[in-house]
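The values are calculated or read from the model by the stated rules, or taken from the named source; none is laboratory data. What you see is a predicted model; the values in this text were computed from it and never measured. Here Cβ is always computed from backbone atoms with ideal geometry, including for glycine, and neighbour counts include all displayed protein chains.
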Amino acid sequence: MSRLRWQPLALVAPLLVAAGIAGAAHEDHGARHGERDGTRDGTRDGATSAAAGPDRAPHRAVIPPAARPRFEAPEPGSYALPPIDRVGQHALLGVTGRAEPLLRIAPGELALVSFVYLSCNEACPLSTALLHQLDRALAERPEIAERVELVTVSFDPRRDPPPAMAALRARMAPKGRWRFLTARDAASLRPVLADFGQDAVWVPGEGDAPDALRHVLKVFLVDARGDVRQIYSTGFLDLRLVLADLETLLASKPGS
């Protein structure tokens, strides 16, 4: 894995959204959609960004045309999304430092769950960019927005305590139901990652570089029963596809 360029995710994500790259993925993470569900086979696309200086200047993302999605989203309701896994309920920490449930949704509602760490400058900003786009899109469709919750969870509770997640939330300025969570420590987060099947391997930094997290980029679509209905990764982090999946599931009866 190439050495990560350590810039704050909170600064990078809005610019990635502006560049329209939520459908791209970074080669270094080698993420493959369908790793657990096998529903769609993605292609590995590349994204590059110019490093910001020590004054934390904004990044400029450059995405080649070949990295953009090469598919059309299916018509909502023209397909089914049967459960592919089930996750339990877990208690984490919200931006105030108080315990909160990971999933705070009622029957007939859905959650998009993304795991990130704030010093990541490769895959994590892509998933945060998708949620940022989705938050804005849902704000224009209140009949759907009231039934969808977005959840961003930190992989790195030591470096991403509640105040850091609160700062990220402030930068994202959610228009709808978007919660930001972390954990008390790595031990309390471990069963959450295991339940979701989300990998996370610490890679020691070389020299004075900080340790990095190697992981496959995944965003989980979960219903109120805890059933995982879709897993998005790499080139399938596409707003059109997520909205089609949401419409498909929200049009069906709860539990179906």
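Observations
- Selected residue (criterion: modelled with the lowest pLDDT) from residues of the stretch 179-208 that are basic (Lys, Arg) and surrounded by fewer than 17 Cβ atoms within 10 Å (Cβ to Cβ): Arg190
- The stretch 90-114 residues that are over 16 Å from Asp223 (Cβ atoms), paired with ones that are of a type in the set (Phe, Trp, Tyr) (beta carbon under 7 Å, 6 or more apart): Val95/Phe180
- Meets criteria (within 25 Å of Ala73 (Cβ to Cβ), of a type in the set (Gly, Ala, Ser) and either touching a Cys at 6+ places or on another chain (Cβ under 9 Å) or modelled with pLDDT of 95 or more (or both)) for Gly176: yes
- Search result, residues across the stretch 74-122 that are touching an Asp or Glu at 6+ places or on another chain (Cβ under 8 Å) and closer than 17 Å to Met172 by Cα: Gly94, Leu112, Tyr117, Leu118, Ser119
- Residues (at pLDDT 90 or above, more than 21 Å from Ala187 (Cα to Cα), aliphatic (A, V, I, L, M) and in contact with a helix residue (DSSP H, G or I) (Cβ under 6 Å, 6 or more places away or on another chain)) located in the stretch 111-133: Ala129
- Condition met for Pro83 (more than 18 Å from the chain's Cα centre (by Cα), modelled with pLDDT of 95 or more and either among the charged types (D, E, K, R) or surrounded by 13 or more Cβ atoms within 10 Å (Cβ to Cβ) (or both)): yes
- With respect to (1) more than 9 Å from the chain's Cα centre (by Cα); (2) within 15 Å of Leu221 (Cβ to Cβ), the lone exception for Leu118 is condition (2).
- Within the stretch 100-116, considering residues that are in a loop (DSSP other than H, G, I, E, B) and aliphatic (A, V, I, L, M), the one surrounded by the fewest Cβ atoms within 10 Å (Cβ to Cβ): Ala106
- Helices (runs of 4 or more DSSP H) wholly inside the stretch 124-238 containing at least 2 residues that are in contact with a strand residue (DSSP E or B) (Cβ under 9 Å, 6 or more places away or on another chain) and not aliphatic (A, V, I, L, M): 124-139, 162-172, 186-196
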